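The values are calculated or read from the model by the stated rules, or taken from the named source; none is laboratory data. Remember, it's a predicted structure, so these values are computed and weren't measured experimentally. Here the Cβ positions follow ideal geometry from the backbone for every residue, glycine too, while neighbour counts run over all protein chains shown. The protein model used for the area step is the full one, side chains on, heavy atoms only, and it has no ligands, DNA or RNA in it. Shrake-Rupley method; radii C 1.70, N 1.55, O 1.52, S 1.80 Å.
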Amino acid sequence: MNNEKTKHILGIAPVNKLIVSMGTPMIISMILQAVYNIVDSAFVSNIDNTGKQALNALTLAFPIQMLMVAVSIGTGVGTNALLSKTLGQGDRKNVSDIAGNSIFLGCIIYILFLLFGLFGVKSYVSTQTSNSLIFEMAAEYLNICCVFSMGIIFFSIFEKLLQSTGLSLYSTFAQIAGAVTNVILDPILIYGLLSFPKIGVAGAAYATVIGQIVSLLLSLYFHLKYNKDISNSIKFIKPSLKLIGKIYSIGVPAIISQALMSFMTYGLNIILGSIHEAMVTAYGLYYKIQQFVFFAAFGLRDAITPIVSFNRGKKIKVVL
């Protein structure tokens with residue numbers, strides 16, 4: 001058992017090199033997370049006649065997308081820290097239990113956003129606009145993003161499972177593949193290129209969720225093929241209140257820090273929308289660009305977490 005702990009890269013590689021080798025892919029991955037909304041906004045703004053309204057609609061949908069990312073990534077952060085610490089202790093059975101519980105939590109999160117997508121989207125959008133065209137566009141876009149949110153939710157889980165064992169490069173490959181898929185599909189589905197039907201804002205939503213599902217499938221493949229520290233038997237996907245409590249004792253602060261930005265944006269959408277629709281659009285664009293800075297910082301956080309957690313599990317003082 002001790003020999004296993006000694007040989008793991010998180011326990012033997014110099015910390016500064018680990019931060020660079022793991023942190024660079026994680027920062028890139030988090031920045032690419034912000035790319036989805038920027039790319040969608042860039043393409044929908046050029047829709048004939050209704051580009052401004054489409055851009056405004058995406059801004060109204062944005063807080064829920066941010067909340068989805070906050071809950072998913074926060075759950076992943078808690079999993080990341082707890083799993084890395086347990087891996088440092090050499091407890092492989094408990095490592096697999098933690099991974100299984102994170103997958104279970106992913107299922108619960110997806111069900112909640114699925115239900116919101118089916119029954120809550122119109123009520124949510126109606127609190128931010130009285131413009132019927134913007135309302136219809138925002139509701140259609142957000143409905144698709146919530147109903148097919150399994151991509152972003154489970155990618156966030158498997159991404160953190162890869163990162164927690166030092167395999168962050170694979171999760172970044174998966175993120176890049178999804179982002180590229182989104183960029184390619186956006187103009188095809190929005191404008192109706194290559195004999196595809198022109199579906200406007202709905203095309204932007206479908207391009208986003210397809211890109212996220214591509215990232216999920218690749219991250220799942222990498223996890224199953226290369227993540228040998230975790231056993232993937234279905235028997236480990238058995239909820240444990242004790243483990244779930246430990247995951248969220250770490251993950252809740254991460255969820256709150258990102259969810260607060262979601263609530264702030266929602267509130268400002270209402271305030272600015274009461275003045276003029278153009279102000280909502282302008283703020284939405286500004287905030288989406290600002291996300292690049294925030295998400296880069298989150299990437300560095302995610303790089304440090306498994307290193308510190310693993311060595312805490314080994315009860316080794318980390319010296320930079």
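The table below gives the values:
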| item | result |
| --- | --- |
| Residue tally, condition under 19 Å from residue 55 (Cα atoms) and touching a residue at least 60 places away in the same chain (Cβ under 8 Å), over region 220-277 | 7 |
| Filtered residues of region 220-236 (kept if over 20 Å from residue 108 (Cβ atoms), open to solvent by less than 70 Å² (accessible area, probe 1.4 Å) and modelled with pLDDT of 95 or more) | 222 |
| Looking only at region 237-278, and only at residues there that are buried (at least 18 other Cβ atoms within 10 Å of the Cβ) and polar (S, T, N, Q), the one that is modelled with the lowest pLDDT | 258 |
| Cβ pairs under 8 Å, 6+ apart, first in region 38-55 and free of Cβ contacts under 8 Å to residues at least 40 places away in the same chain, second part of a helix (DSSP H, G or I) and charged (D, E, K, R) | 45/52 |
| Odd one out for residue 158 among (1) touching an Asp or Glu at 6+ places or on another chain (Cβ under 9 Å); (2) surrounded by 24 or more Cβ atoms within 10 Å (Cβ to Cβ) | (1) |
| Qualifying residues in region 102-152 (those that are touching a residue at least 12 places away in the same chain (Cβ under 8 Å) and part of a loop (DSSP other than H, G, I, E, B)) - the one least open to solvent (accessible area, probe 1.4 Å) | 149 |
| Residue that is among the basic types (Lys, Arg), under 21 Å from residue 204 (Cα atoms), part of a helix (DSSP H, G or I) and modelled with pLDDT under 95, where the choices are 52, 85 | 52 |
| Residue list for region 189-219, restricted to those being touching a residue at least 24 places away in the same chain (Cβ under 8 Å), open to solvent by 60 Å² or more (accessible area, probe 1.4 Å) and β-branched (Val, Ile, Thr) | 210 |
